Amino acid sequence: MEKGRIDKERTWIFSPVNNIVFKAEIKGSVTEQHLMDAIHNTVAHYAMLHHKIVLDDKGNAYYEKTEAFVPVIQPLKNGWMETAREQEKIPFAIDRGEFIRFFYHLTDSGAVLLIIAHHIAGDGISFTYFIQDILKSMAGVKIEYKDLELFNMENLPKEADLRAPMTWLMKYMNRKWKKTGRTFDFNDYYSMYYKYWNSRETLIYTYNLENDIYDSIYSYSKENKITVNTMVTTALIRAGGGLCDVGMAANIREKGFTGMGNYATGISIKYHYNEQLDFTENARQVQDLIYGKLNDVSKKYFLLQFMSKIEPTLIDAIYFNACDDYHNKTARTFGSMFGYNGNPKGISITNLTKLPIAADYGEYEIKDFTFVPPLVLNAKRIIGIASIGRKMVLSLHLRNDADAEEHCSFFYKGMEYLKNL
């Protein structure tokens, strides 16, 4: 049987928070059968969706080739946000090859397509290309077959290797884990998943910046040589108040690669917005911090190098320690280090930026593209951003708890700062 060993994606196997959500509004003459045919055709062209996740006796994990799982394709019975929230309580059967679900609603002008996928299958850009292929298929354009191409952790730059003290510490912690730890299986996972979601739910909010406002943001960006991502980040930091700890995803996908997989790393910065300076100067300082990390190979790839040195079963255990009744000192230490046991990041951002796909496909057009990242355990609130045409859609994903109103207020305040530049 064909297998691909799972290394980089290990963090997504047993995470109870892994749904990545996309809502695309399609303009054009769409019939139910036409849309379903395009979905089935596109699924058939992605090797990733013809695999399942398997574990061996030692706890190693693999993508193993299997018959394609027939995906859920259902009409939207409720609003797309409510459906996304309902679906996060239903685990994907990744051990049987279920990685993706589809929901749709036909409108007078076209259709609304909601895609909910498991992050282990791919990142935000992966599913952007996947949606492009659905539109191409609808327009009668032949689409390419996408082989299974995983990010090879052995190709990480040598300059990004962990320094000796950190390497020794990791070896020491791994030895402790091997003496005290255990392996987990999918029965353990499903039990933990239902327990986690039994007492939780999330909320999703969105904000649109389009047409003239969108144009003005891009003009401001160009004139001041400040990226739109920096502008959004700075506006949110200003809304957050005080010293803000910001985590953000960074794309490491090779240019021109349109396949499905996880091609991102993570960086973080800390910044206190200075009200004595104007927005532009604050943004320049934020940009210096961001690119100070991105232009330093060791800092850009630190997270991936760090994760690659942890025993795979210990990565699993961190989730069971944080979300279930499993107790292990080593797992708890790493859980605290990652912010899974408290002290989550104040602001987490995943910006797909200007999407690398066209808006028009024959008689069809993508009028709206909304991206909602999973609310990972070490984030209080996560912001997803995607732009297409003259429209940027920002989403806020947060827990429905006592702090939800405060987080929502922060989000809209940040958007107003951005809008009124």
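Around Ser109, what is the net charge, scoring Lys/Arg as +1 and Asp/Glu as -1 over all other residues with Cβ under 14 Å from its Cβ?
So the surrounding residues net to -3.
Where does each of Lys23, Lys77, Lys178, Lys3 land when they are ordered by accessible area, with a 1.4 Å probe and the largest first? List each step's numbers first, then the result.
On the way: Lys23 15, Lys77 175, Lys178 140, Lys3 115 Å².
Sorted descending by solvent-accessible area, the residues read Lys77, Lys178, Lys3, Lys23.
Taking 0.36 nm per residue of sequence separation and subtracting the Cα-Cα distance, how much length would be gained by fully extending the chain between Val70 and Arg182, in nm to one decimal? Each step should come with its number before you reach the end.
Working: separation 112, 0.36 × 112 = 40.32 nm, distance 3.32 nm.
So the extension gain works out to 37.0 nm.
Highest GNM mean-square fluctuation, the chain, Cα pairs closer than 10 Å: which of Phe92, Phe369, Phe186?
Per the Cα network of the chain with a 10 Å cutoff, Phe186 tops the list.
Short version: ³J(HN,Hα) in whole Hz for each residue of the stretch 89-96, in order, from phi by Karplus 6.51 cos²θ - 1.76 cosθ + 1.60 (θ = phi - 60°), x for Gly and Pro, what are they?
Once θ is set to phi - 60°, the couplings for the stretch 89-96 become 8, 10, x, 6, 7, 5, 6, 10 Hz.
If you build a Gaussian network model of the chain, linking Cα atoms that sit under 10 Å apart, which residue out of Gly124, Gly384, Gly28 swings the most?
In this elastic network of the chain, the residue with the biggest mean-square fluctuation among Gly124, Gly384, Gly28 is Gly28.
Which of the chymotrypsin sites (Phe, Trp or Tyr not before Pro) across the stretch 111-147 are loop residues per DSSP, with 10 or fewer other Cβ within 10 Å?
Values: sites: Phe127, Tyr129, Phe130, Tyr145; in loops: Tyr145.
Filter output for the stretch 111-147: Tyr145.
Can you list the residues of the stretch 352-390 with backbone N under 16 Å from a point 7 Å past the Cα of Leu294, pointing along Cα to Cβ?
Counting backbone N atoms under 16 Å from the label point, the list is 352-356, 385-387.
What is the magnitude of the charge dipole of the chain about its Cα centre, with +1 placed on the Cβ of each Lys and Arg, -1 on the Cβ of each Asp and Glu, and no other charges, expressed in debye to the nearest 20? Kindly include the intermediate steps, with their values, before the conclusion.
Values: 50 positive and 51 negative charges, 293 e Å.
Roughly 1400 debye for the chain.
Please state, rounded to one decimal and in Å, the Kirkwood hydrodynamic radius that the chain gives when every pair of distinct Cα atoms enters the mean of 1/r. Before the final figure, lay out each step's value.
On the way: mean 1/r = 0.0447 Å⁻¹.
Result for the chain stands at 22.4 Å.
For every other residue with a beta carbon closer than 14 angstrom to the beta carbon of Asn400, add +1 if it is Lys or Arg and -1 if Asp or Glu, then tell me the sum. All intermediate terms of the calculation are to be shown ahead of the outcome.
Values: positive: Arg85, Lys89, Arg200, Lys380, Arg381, Arg399; negative: Glu82, Glu86, Glu88, Glu201, Asp401, Asp403, Glu405, Glu406.
Around Asn400, the surrounding residues sum to -2.
Using the C-alpha gyration tensor of the stretch 4-139, what are the square roots of 5 times its eigenvalues, in whole angstrom, with the largest one first?
28, 16, 12
Taking R0 as 30 Å, what's the FRET efficiency between Glu416 and Glu201 from their Cβ-Cβ distance, rounded to 0.05?
Values: r = 27 Å, r/R0 = 0.90.
Once the sixth-power term is evaluated, E becomes 0.65.
Across the stretch 149-164, in residue order, what do the Karplus-derived ³J(HN,Hα) couplings come to in whole Hz, using 6.51 cos²θ - 1.76 cosθ + 1.60 with θ = phi - 60° and x for Gly and Pro?
Once θ is set to phi - 60°, the couplings for the stretch 149-164 become 10, 8, 5, 8, 5, 6, 8, 4, x, 4, 5, 8, 4, 5, 6, 3 Hz.
Could you compute how much accessible surface Lys300 exposes when probed at 1.4 Å, giving the result in Å² to the nearest 10?
40
Tell me, what is the per residue accessible area of the chain in Å², probe radius 1.4 Å? Intermediate values should be presented prior to the final figure.
Details: 18830 Å² over 421 residues.
For the chain, the per-residue accessible area is 45 Å².
From the protein chains alone at 1.4 Å, what is the descending order of accessible area for Arg175, Arg381, Arg238, largest first? Before the final figure, lay out each step's value.
Numbers: Arg175 135, Arg381 25, Arg238 75 Å².
The residues order as Arg175, Arg238, Arg381, largest area first.
Can you list the residues, at least 5 places off or on another chain, whose amide H is less than 5 Å from the amide H of Val72, using H built in the peptide plane?
Correct list: Phe102.
Quick check: at a probe of 1.4 Å, how many percent of the accessible area of the chain sits on carbon and sulfur atoms?
Working: 8910 of 18830 Å².
The C+S portion of the solvent-accessible surface of the chain is 47 percent.
Just want the answer: with Cβ charges of +1 for Lys and Arg and -1 for Asp and Glu, which residue in Tyr273, Phe102, Phe302 is farthest toward the dipole's positive end in the chain?
Phe302
With a 1.4 Å probe and all protein chains kept in place, how much accessible area does Thr333 have, in Å² rounded to the nearest 10?
60
For the stretch 338-347, take each phi angle, set θ = phi - 60°, evaluate the Karplus expression 6.51 cos²θ - 1.76 cosθ + 1.60, and give the result in whole Hz per residue in order, putting x for glycine and proline.
Whole-Hz 3J(HN,Hα) from phi for the stretch 338-347: 7, x, 7, 10, x, 6, x, 4, x, 9.
Roughly how many Å² of His105 are accessible to a 1.4 Å probe, to the nearest 10?
Approximately 90 Å² of His105 is accessible to the 1.4 Å probe.
Per DSSP H run of at least 4 residues, take -39500 (n - 2.57); add these up for the chain, divide by its residues and hand me the 222 nm value, nearest 500 deg cm²/dmol. Present the calculation step by step, with values, prior to reporting the outcome.
On the way: 14 runs with 162 residues, N = 421.
Calculated at 222 nm, the ellipticity per residue is -12000 deg cm²/dmol.
Using a 1.4 Å probe and counting only protein heavy atoms, arrange Arg5, Arg101 so the residue with the most accessible area comes first.
Numbers: Arg5 110, Arg101 10 Å².
Reading off the accessible areas and sorting them downward yields Arg5, Arg101.
The values are calculated or read from the model by the stated rules, or taken from the named source; none is laboratory data. It should be emphasised that the depicted structure is a prediction, and the values quoted were computed from it without experimental measurement. With ideal geometry, Cβ positions are generated from the backbone for all residues, glycine too; neighbour counts draw on all protein chains shown. For accessibility, only protein heavy atoms count, side chains too; no ligands or nucleic acids. Shrake-Rupley method; radii C 1.70, N 1.55, O 1.52, S 1.80 Å.
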